[in-house]
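In what follows, a single structure is set out as structure tokens and then discussed.
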Amino acid sequence: MIDEQTEKPRSSFWKELPILLGVAILVAVLVRAFVLQTFFIPSPSMENTLKIDDRVLVNKLVYDFRSPHRGEVIVFKAPTSWSGNPAGEDFIKRVIGVGGDHVVCCDRSGPQERLVINGKPIDEPFIFPGNKPADQDFDITVPKGRLWVMGDHREASGDSLEHWQQSREDINEATIPEDQVVGRAFTIFWPPSRATWLTVPKQFDGIPNS
């Protein structure tokens, strides 16, 4: 005699399993597409904040509700002129200036050179040891709806300054449009020994708006 109370739940589980797996896959796809995504770091351009082969988690939803802020580390679709790849390529840099900001290099009134944003010199302890804030003087105003981005390893970064130089000081070639930003990198999660939050450095506090 078959125990119907035992057999029925077991049969029900196997019937429901494909549905549960399908729902789990759909949720994972939706989360990756619209909410969170992992990225690995392939280059030294953000050292020592981010090192080669670090894995970061990116919030893809945050900029649907606001614009990027100065000091945030962002992932964006690089222009073809930056990457040389018509299919598109993701870059990761730090936002230095937002639309309307006046960014100048450099203030030399203190013991070390400093970038000046909207008239305020800022210290950048996060840049790679031995690097200057920039390898040449510049004086730019970021167009509305665009971002001036730089790597923390200034001497190893293909960023806004490099493309400003290469484009003969074309500010549109040197900046990226906000609508090409994929999201904000907010934590390193791998390797576990380097796990940390990617917060906005306090040096960006108090910068006046343009």
### Message
I'm told G100 meets every condition in (1) in contact with a strand residue (DSSP E or B) (Cβ under 8 Å, 6 or more places away or on another chain); (2) under 16 Å from Q203 (Cβ atoms); (3) assigned to a loop (DSSP other than H, G, I, E, B) except one. Can you identify the failing condition by its number?
### Response
(2)
### Query
What residue, of D135, D152, D139, is open to solvent by 30 Å² or more (accessible area, probe 1.4 Å), touching a residue at least 12 places away in the same chain (Cβ under 8 Å), part of a loop (DSSP other than H, G, I, E, B) and not small (G, A, S)?
D135
### Message
I'm trying to understand the selection: among the residues of segment 42-59, which are among the aliphatic types (A, V, I, L, M), part of a loop (DSSP other than H, G, I, E, B) and buried (at least 18 other Cβ atoms within 10 Å of the Cβ)?
### Response
M46, L50
### Message
It is to be established whether one or more residues within segment 60-71 are more than 30 Å from A195 (Cβ to Cβ), part of a loop (DSSP other than H, G, I, E, B) and without any contact (Cβ under 8 Å) to a residue 12 or more places away in the chain.
### Response
no
### Check on Q180, without any contact (Cβ under 8 Å) to a residue 24 or more places away in the chain, open to solvent by 20 Å² or more (accessible area, probe 1.4 Å), out of contact with any Gly (no Cβ under 7 Å at 6 or more places or on another chain) and of a type in the set (S, T, N, Q)
no
### Query
Has segment 193-208 got any residue that is more than 14 Å from I92 (Cα to Cα), in a strand (DSSP E or B) and out of contact with any Cys (no Cβ under 9 Å at 6 or more places or on another chain)?
yes
### Query
Pick from segment 72-86 the residues that are in a loop (DSSP other than H, G, I, E, B) and in contact with a Phe, Trp or Tyr (Cβ under 9 Å, 6 or more places away or on another chain): which of them is farthest from P208 (Cα to Cα)?
A78
### Summary
Quick count over segment 155-177, residues being among the hydrophobic types (A, V, I, L, M, F, W, C), closer than 18 Å to E124 by Cα and surrounded by fewer than 20 Cβ atoms within 10 Å (Cβ to Cβ), is 1
### Task
Would you check which residues across segment 64-83 are open to solvent by 40 Å² or more (accessible area, probe 1.4 Å) and either of a type in the set (F, W, Y) or touching a Pro at 6+ places or on another chain (Cβ under 9 Å) (or both) and list them?
F65, T80
### Task
Would you check which residues across segment 155-192 are small (G, A, S) and assigned to a helix (DSSP H, G or I) and list them?
A156, S160, A174
### Scan of segment 183-210 for residues that are over 19 Å from Y63 (Cβ atoms), aliphatic (A, V, I, L, M) and open to solvent by less than 40 Å² (accessible area, probe 1.4 Å), ordered by number
I188, I207
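The values are calculated or read from the model by the stated rules, or taken from the named source; none is laboratory data. Being a predicted model, the structure only gives us computed values, none of them experimental. Cβ coordinates were reconstructed from backbone atoms using ideal geometry, including for glycine residues, and neighbour counts include every protein chain displayed. Surface areas here come from the heavy atoms of the whole protein model, side chains and all, with no ligands, DNA or RNA. Shrake-Rupley method; radii C 1.70, N 1.55, O 1.52, S 1.80 Å.
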